[in-house]
């Protein structure tokens, strides 16, 4: 099947590619020592992607995409939740017994996971309230 | 969910892209519904029923 300028797939691919390019430019320019330019590049890419989405008459994302994103989000939370339920209590017990040290990055990871589940719990409450 | 979408489309000579544009979803969604890989929302099922001037249960069967 061929794609044309008005084909929804063309818009979807372009939209996704612009976001990806923005993220790559952001990371690349930070690594190269130009964090401010990296931020500008990311904001520019975001503006172009949002502009494309707003002016496009094509259906870029629909209910099936929402279902796909919903499944992916549920699976991600399940995997992170299960891994955290095993890893963090185990590491805490080993630390209490002086078998291991808590590296700083591991503490930061713990804060991130705690924050992630705090946001998730807040979203659960919001979703329940809306229903 | 089993459905008669391919049959109904064929009767009207519509492509998946034509039907997708008519009910405002992507062609991939119509393809997934026809292949029974995705169950449409009630709203989409009703839009499809209106498009083919029939009922939801005439198009979809829960077997």
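No value in this document is a laboratory result; all are computed from the given coordinates. Computed from a predicted model, the values in this text were never measured in an experiment. Every residue, glycine as well, gets a Cβ built from its backbone with ideal geometry; the counts of neighbours run over all protein chains shown.
Worth a mention:
- In this structure, residue A:52 and residue B:17 have a Cβ-Cβ separation that, at R0 = 25 Å, corresponds to a calculated FRET efficiency of about 0.75.
- Alpha-carbon Debye profile of chain A, log10 I(q)/I(0) at 0.09, 0.15, 0.22 Å⁻¹: -0.48, -1.04, -1.17
- Label positions at residue A:76 and residue A:130, each projected 7 Å from the Cα along the C-beta direction, are separated by 1.7 nm.
- Förster-model FRET efficiency, 22 Å R0, residue A:86 and residue A:123, C-beta, rounded to 0.05: 0.40
- Rg/Rh ratio calculated on Cα atoms of chain B (Kirkwood radius): 0.90
- Estimated FRET transfer efficiency when R0 is 30 angstrom, pair residue B:53-residue B:31 (beta carbons, to 0.05): 0.85
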